[in-house]
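Working notes, beginning with the structure itself.
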Amino acid sequence: MTTGIWILGTQLSLEQAALKSCEDDPENTPVLMIESQAHAAQRRYHQQKLVLVWSAMRHFAIQLQKAGWRVTYEVATDFITPLQNWVQQNQITELRVMTPSDRALKTFIQQLDLGCQISLIPDNHFLWSQITPEFDSGACYERWSTQAFQNWANNRKRILMEDFYRQGRKRFQVLMEENQPVGGKWNFDQDNRKPPPNNLTPPSPPKFSPDNITQAVMEEVQALSCSTYGNVENFQWAVTREQAQQVLNHFIESALPNFGPYQDAMVTGETTLWHSLLSPYLNLGLLTPWEVIVAVEQAYYQNRLPLNSVEGVIRQILGWREFLHGIYHWVDADYGQQNWFNHQQPLPAFFWDSSETDMNCLKQVLQQVEQTGYAHHIQRLMVLSNFALIVGVSPQALKNWFHAAFIDAYDWVMETNVIGMGQFADGGVFASKPYASSANYINKMSDYCQDCCYNPRQRSQEDACPFNFFYWDFIARHRDQLQGLGRMNLVLANLGKIDAEELAQMQALAEAWREKHAQGLEET
Ligand SMILES: Cc1cc2nc3c(=O)[nH]c(=O)nc-3n(C[C@H](O)[C@H](O)[C@H](O)COP(=O)(O)OP(=O)(O)OC[C@H]3O[C@@H](n4cnc5c(N)ncnc54)[C@H](O)[C@@H]3O)c2cc1C
Ligand code: SF4
């Protein structure tokens, strides 16, 4: 009887549940890791995403060997061939895999026929995961082992992040004093989300020079025959747990104090501002959400950091990240196919090539994504996703692009953020209205409009900003559906005040633009 463990590329933690379940006998537990080129060819991935995942896997394999595990590392065309060979060679009778977050990969594993038992061990990389007590061997996970997100959601009339977040704060006793929120309030939004002043001086983000392992992966990725996006030239991401911890420490020391006020600001040439850059590492398992939350909370108490910034970060990780992961596993499997507005416009080709758009906000953000695989939340939501929404781009085409282009993208976080939050394609499972806005928001929160050939204050003239005519075109097209949402009443009343001739002009501008961009490039 031999138990073996297959470790997936997003499970790079010595504390992950499958390893934990065999931690008493690492020398006699074969461990397999596979780099599959066929998996990489499924999408036109950003080259830096492939480098990050494969380099982090190779570094983790070395860490595992040092910790005494018997590791086999395969670079292969697919998953199946090396799996079959390894199971046979090691006479594996039970294969253990920590349940992947992504649905398709889970189904793939469940359907494998390897001639041995396959056990999916509940994922312990999320605080509100579905961990069952028998696999909950790590003491640090004990506190949250018994109740799942499902239990919370199933008994509720409304699924609101705010309710979930408060429950999380109480449950895990984060920023709490005698069951009351520290500072007397759950939310410090009125101190945050400020427009950027002219003289901002954000800290430089941490950068890591590629070592020999990373350089080798960079060369291999450049030589891939499948189609990719972006380039490896500026690769500076962390690839080990140690480096990821340095990113966390750097964030706490340099960026956390100002995280709140300029959380939503967008500034030309400033890619990261005071954001944490932690999502790639949290999503790969190099950092755990709990250690980030503890470190941020400790910094509040020890260094007396501003509560609006500290609470702002905790809300993102204990709130949004856990909430959206929970939603992904709570909704039906066809959630990703939903299209409430029936949007069918192809993704404009310039999403794959920033030089092809003359809209400065889109150009700046897309250029940044090409160079780094990263954009911060408001750039993703209020520039890229907002534009696709008001134009009427197919939510699935947009999701595919986000999934390929971003350094931190995985199915669980893509579906909920793009299909749900960004496109409202689920009709409002957890959001009460679509995140749609005109140029006003971008003009207020960024400096992009200052260098743009369009006028953010015009909506129907020749130089009108497309965000403006598309916004009113979107509201008019979906008037009936939006009426049912309640929170759109003010906007709908404003639509009613627009002169019919001007509305027709805006609709004509929108239609002409759509026709011009009808030849989208989906994934090529
Ligand atoms: C359209 C769209 C697409 C997105 N795609 C992804 C994605 O592919 N991968 C991804 O991890 N996040 C995604 N997000 C969520 C969020 O934008 C990123 O997590 C964040 O920008 C990552 O940068 P950061 O680490 O500097 O975040 P910070 O602003 O420093 O926030 C701290 C952490 O909070 C977590 N977080 C905050 N908001 C969310 C959220 N909505 N969902 C999940 N985690 C959140 C992240 O782990 C992040 O690292 C997306 C959001 C939108 C609107
Ligand atoms: S004017 Fe419009 S297109 Fe130009 S940067 Fe501003 S919002 Fe973007």
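Values in this text are rule-based calculations from the coordinates and carry no lab data. In this text the structure is predicted, and so the values were computed from the model without any measurement. Note that each Cβ is placed from the backbone with ideal geometry, even for glycine, and that neighbours are counted across all protein chains shown.
Whole-Hz Karplus values for the range 72-82 come out as 10, 10, 10, 9, 9, 6, 9, 7, 5, 4, x Hz, taken residue by residue from phi with 6.51 cos²θ - 1.76 cosθ + 1.60 and θ = phi - 60°; glycine and proline positions read x. Over the residues of the chain, the helix contribution to mean residue ellipticity at 222 nm works out to -11500 deg cm²/dmol, using -39500 (n - 2.57) for each DSSP H run of at least 4.
Taking other residues whose beta carbon is less than 10 angstrom from the beta carbon of Met445, and scoring Lys, Arg as +1 and Asp, Glu as -1, yields +1. Here's the picture: charge each Lys and Arg Cβ at +1 and each Asp and Glu Cβ at -1 in the chain, and of Ala76, Met161, Ile390 the one pushed furthest to the positive end of that dipole is Met161.
In this Cβ point-charge picture (+1 for Lys and Arg, -1 for Asp and Glu), the chain has a dipole of about 1160 debye about its Cα centre. Once you keep just the Cα pairs under 8 angstrom separated by 6 or more residues, what percentage relative contact order results for the chain? Once normalised by length, the contact order is 16 percent. Mean silhouette area of the chain, derived from the convex hull of its C-alpha atoms and averaged over all directions, reads 24.6 nm². Note on the chain: antiparallel DSSP beta bridges, both residues inside, total approximately 10 percent of the bridges counted.
Comparing Pro100, Ala18, Ala56 along the charge dipole axis of the range 3-138, the residue lying farthest to the positive side is Ala56, per the Cβ-charge model. Each of Asp480 and Lys170 was given a label point 7 Å from its Cα along the Cα-to-Cβ line. The distance between the two points is 4.2 nm. Distance between the 7 Å Cα→Cβ label points at Ala508 and Asn85: 6.6 nm.
Positive-end ranking of Phe467, Met506, Met421 along the dipole of the range 421-522, with charges on Cβ about the Cα centre, is headed by Met421.
For Val75, the residues whose amide H sits under 5 Å from its own are Glu35, ignoring neighbours fewer than 5 places away on the same chain, with H placed 1.01 Å from N. Here the Karplus curve 6.51 cos²θ - 1.76 cosθ + 1.60, taken at θ = phi - 60°, turns the phi angles of the range 467-475 into couplings of 4, 6, 6, 5, 4, 6, 5, 4, 5 Hz, with x standing for Gly and Pro.
Summarising the amide proton neighbourhood of Met176: residues at separation of 5 or more, or on other chains, whose placed amide H is nearer than 5 Å comprise Val182. Could you please report the charge total around Gln236, scoring K, R as +1 and D, E as -1 over all other residues with beta-carbon less than 13 angstrom from its beta-carbon? Summing Lys and Arg as +1 and Asp and Glu as -1 gives -1. Here the range 336-516 is treated with +1 on each Lys and Arg Cβ and -1 on each Asp and Glu Cβ, and its dipole about the Cα centre works out to around 520 debye.
With a cut-off of 12 Å between beta carbons, the residues surrounding Asn489 carry a summed charge of +3, where Lys and Arg count +1 and Asp and Glu -1. With contacts taken as Cα pairs under 8 Å and at least 6 residues apart, the range 3-138 reaches a relative contact order of 32 percent. Between the amide H of Ile5 and those of Val31, Leu32, Arg96, distances stay under 5 Å, these residues lying 5 or more places away or on another chain, with hydrogens modeled in the peptide plane. Between Lys516 and Lys207, what FRET efficiency follows from the Cβ-Cβ distance if R0 is 60 Å, with the result rounded to 0.05? After rounding, the FRET efficiency stands at 0.95.
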